[in-house]
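Working notes for the structure below.
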Amino acid sequence: MARKIALFLVSLLTCGWPASSPTLFGSHLLSSAQAQTPSKAQLRAQVKRAAEELNEIASSAPGLIKSMFAGDTPSAKLLALDERAIAAQSQLEKAILSANEKGALTENETKELARLGDLAKQTRGPVQEDIDTLKTVLAVPVVGGDTAVRLATKSQQEAVIKNAEAAKQAVGALVTAIRAMP
């Protein structure tokens, strides 16, 4: 196969094509590079997909937490959801940054997404504290694990659910702004 390609190239050169003229290969490489550069619409679509993923996670968290406290869902599911949330938040930030750097977002869109993103990030602190507390409770040697989680007081449970609801609302506001983008 390599020999056939070499023969083809030699025949092209012997036909009198100057080395500086565009070849089929050169134009193919150029169009291939252009095809790999995402358009503004594609960049916006990436932002929207990442936002929807984060919204799905944030929306499911309060119900999952209630289910965990009721003893119907193992705490490991909540910890896995938290890991997914961290990854989704990172993906959304990267998508927004890429779209902004490549001119796919207007200045006003960038400012509004930054403002809403900051509000959503502010909810991360209390949620992270709840996750850290959950990990500590799960590690208690005497009555650890999911049994210990169910022993949380009603006020503790309500505070954790409230933090998850606040995160859900903040992410929801961010996603609403992103959905409104053309």
Self-check item: Subset of the stretch 145-163 (residues that are modelled with pLDDT under 95 and small (Gly, Ala, Ser))
Solution: Gly145, Ala148, Ala152
Quiz item: Quick check, is Lys77 open to solvent by 80 Å² or more (accessible area, probe 1.4 Å) and in a helix (DSSP H, G or I)?
Solution: yes
Quiz item: Out of all the residues in the stretch 55-72, is one or more at pLDDT below 95, closer than 25 Å to Ala41 by Cα, open to solvent by less than 30 Å² (accessible area, probe 1.4 Å) and not hydrophobic (A, V, I, L, M, F, W, C)?
Solution: no
Exercise. Filter the stretch 88-104 for residues that are of a type in the set (Gly, Ala, Ser), in a helix (DSSP H, G or I) and either in contact (Cβ under 8 Å) with a residue 40 or more places away in the chain or loosely packed, with under 13 Cβ neighbours inside 10 Å (or both) and give the result.
Key: Ser90, Ala95, Ser98, Ala99
Quiz item: In the stretch 153-182, what residues are of a type in the set (A, V, I, L, M) and in contact with a Leu (Cβ under 9 Å, 6 or more places away or on another chain)?
Solution: Val160, Ala164, Ala170, Val171, Ala173, Leu174, Val175, Ala177, Ile178, Met181
Practice problem: Could you tell me which residue of the stretch 73-115 is farthest from Gln46 (Cα to Cα), considering only residues that are β-branched (Val, Ile, Thr) and within 18 Å of the chain's Cα centre (by Cα)? | Solution: Ile86
Exercise. Would you please list the contacts, defined by Cβ atoms under 6 Å and residues six or more apart or on different chains, that run from a residue in the stretch 41-64 that is under 18 Å from Glu112 (Cα atoms) to a residue that is open to solvent by 70 Å² or more (accessible area, probe 1.4 Å) and assigned to a helix (DSSP H, G or I)?
Key: Ala50/Gln91
Practice problem: Would you be able to say whether some residue in the stretch 70-79 is on the phi > 0 side of the Ramachandran plot, out of contact with any strand residue (DSSP E or B) (no Cβ under 6 Å at 6 or more places or on another chain) and not charged (D, E, K, R)? | Solution: yes
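The values are calculated or read from the model by the stated rules, or taken from the named source; none is laboratory data. Computed from a prediction, not measured in an experiment: that's the story for all the values here. Because the Cβ atoms are built from the backbone with ideal geometry, glycine has one as well, and the counts that use them run over all protein chains shown. Heads up: the accessible areas ignore ligands, DNA and RNA and are worked out on the full protein's heavy atoms, side chains in. Shrake-Rupley method; radii C 1.70, N 1.55, O 1.52, S 1.80 Å.
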